[in-house]
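One structure below.
The values are calculated or read from the model by the stated rules, or taken from the named source; none is laboratory data. What you see is a predicted model; the values in this text were computed from it and never measured. Cβ placement follows ideal geometry from the backbone for every residue including glycine, while neighbour counts extend to all protein chains displayed. Heads up: the accessible areas ignore ligands, DNA and RNA and are worked out on the full protein's heavy atoms, side chains in. Shrake-Rupley method; radii C 1.70, N 1.55, O 1.52, S 1.80 Å.
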Amino acid sequence: MAQQLEGDWLELATAGGSTIRVLKAAHPRARRLRLTVTPKGARVSYPHGTHPAQVSAFLRSHADWLEQKLDELNLLVKPLPPLRVGYTTDIPVRGERVSLDWAEGPYPRIESAEAGITLIIPRPHTRALPVARGLLASHFESLIRRDVSRWLASYVPQLGLAPTALKIRPLKSLWGSLDTRDRINLDLALALAPPAALRYVLAHELCHLKVRNHSPRFWALVETLFPGWREQRDWLRQNGSLLKAELDRLVADVAD
């Protein structure tokens with residue numbers, strides 16, 4: 001159950017026997033209840049005037065998801081080193097560790113090879129870091145769009161339905177979503193994951209075009225579209241928090 005604590009916190013007892021503290025906050029522009037999880041913890045936001053019992057019921061209905069997400073975040077043992085101009089570092093791209101190097105050139109660009117990525121940054125270097133972050137974000141988005149366009153060519157005829165648009169951006173806790181206008185949102189961090197993990201998330205969201213819930217019918221449709229979905233879902237559960245942290249250090253503060 002969700003128990004009220006002093007201050008701005010709720011305490012939620014889960015079926016697994018653990019207790020989760022959730023920060024609660026009324027938001028002046030909120031139109032619905034929203035639950036988010038970050039390395040700092042869990043937070044539930046809601047419109048002004050929402051009854052406390054409604055907030056508690058909302059948390060109870062998401063207890064399993066919340067416990068899973070917090071467990072994933074506990075896999076992060078130590079903070080990742082910050083991205084520093086001129087310093088070579090290793091990063092994950094499409095499930096492989098590659099080298100991220102720096103070089104000078106007449107205009108900002110990325111050179112990508114099998115061994116890694118080189119950021120070409122012109123002098124002066126006063127804005128090198130934000131320029132580098134923007135280049136990386138654009139590069140990661142192009143990788144995702146390339147794969148997705150290829151897979152859509154086979155999935156859309158099978159489903160008989162297609163999304164109206166595709167948006168790729170950093171997402172706090174989700175890997176993907178389908179909105180009420182049939183637009184698919186994908187997390188930019190999926191560019192760092194193995195292609196099969198990205199393919200699972202795409203197939204998952206495409207199946208929501210036909211089934212908007214997670215009923216047995218939905219999962220049967222996912223199985224038809226992408227039989228290896230369980231393995232990829234488990235991979236994201238085990239490695240997802242690290243991927244999101246990697247993306248954050250690489251493209252943090254890049255505008256949506």
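Quick notes
- The one condition from (1) touching a helix residue (DSSP H, G or I) at 6+ places or on another chain (Cβ under 8 Å); (2) in contact (Cβ under 8 Å) with a residue 24 or more places away in the chain that ASP182 does not meet is (1).
- Qualifying residues in the range 201-256 (those that are polar (S, T, N, Q) and within 20 Å of the chain's Cα centre (by Cα)) - the one surrounded by the most Cβ atoms within 10 Å (Cβ to Cβ): SER241
- Scan of the range 106-120 for residues that are open to solvent by 70 Å² or more (accessible area, probe 1.4 Å) and touching a helix residue (DSSP H, G or I) at 6+ places or on another chain (Cβ under 9 Å), ordered by number: SER112
- Filter result for the condition that a residue is under 25 Å from THR36 (Cβ atoms), touching a Gly at 6+ places or on another chain (Cβ under 8 Å) and of a type in the set (D, E, K, R), over GLU141, GLU205: GLU205
- When ALA128 is tested against (1) within 22 Å of LEU243 (Cα to Cα); (2) open to solvent by less than 40 Å² (accessible area, probe 1.4 Å), exactly one condition is not met: (1).
- Boolean, ILE168 is open to solvent by less than 20 Å² (accessible area, probe 1.4 Å), without any contact (Cβ under 8 Å) to a residue 24 or more places away in the chain and touching a strand residue (DSSP E or B) at 6+ places or on another chain (Cβ under 6 Å): no
- For the range 163-193, the candidate set comprises residues that are part of a loop (DSSP other than H, G, I, E, B) and in contact with an Asp or Glu (Cβ under 8 Å, 6 or more places away or on another chain); within that set, the residue that is modelled with the lowest pLDDT is LEU174.
- For ILE184, the conditions (1) buried (at least 22 other Cβ atoms within 10 Å of the Cβ); (2) β-branched (Val, Ile, Thr); (3) closer than 30 Å to ARG84 by Cα are fulfilled apart from (3).
- Unmet criterion (only one of (1) part of a helix (DSSP H, G or I); (2) buried (at least 18 other Cβ atoms within 10 Å of the Cβ)) for GLY134: (2)
- Residues of the range 80-114 satisfying the condition of being under 23 Å from SER142 (Cα atoms), in a loop (DSSP other than H, G, I, E, B) and in contact (Cβ under 8 Å) with a residue 60 or more places away in the chain: LEU83, ARG94, GLY95
- Applying a threshold of 9 Å to beta carbon distances and a minimum spacing of six or more residues, or different chains, the list of pairs starting in the range 139-156 at a residue that is acidic (Asp, Glu) and ending at one that is open to solvent by 30 Å² or more (accessible area, probe 1.4 Å) reads GLU141/ARG169; ASP147/ARG94; ASP147/PRO195; ASP147/ARG199.
- Test result for ILE117, among the aliphatic types (A, V, I, L, M), touching a residue at least 24 places away in the same chain (Cβ under 8 Å) and more than 21 Å from PRO195 (Cα to Cα): no
- Among residues of the range 65-92 being under 17 Å from GLY134 (Cβ atoms) and surrounded by 17 or more Cβ atoms within 10 Å (Cβ to Cβ), the one that is modelled with the lowest pLDDT is LEU83.
- Summed over the range 31-54, residues that are more than 28 Å from ALA245 (Cβ to Cβ), open to solvent by less than 80 Å² (accessible area, probe 1.4 Å) and in contact with a strand residue (DSSP E or B) (Cβ under 6 Å, 6 or more places away or on another chain) total 0.
- Filter pass, GLU96 being more than 19 Å from LEU188 (Cα to Cα) and either at pLDDT 90 or above or within 21 Å of the chain's Cα centre (by Cα) (or both): no
- Filter result for ARG150 (open to solvent by 30 Å² or more (accessible area, probe 1.4 Å), more than 15 Å from the chain's Cα centre (by Cα) and modelled with pLDDT under 95): no
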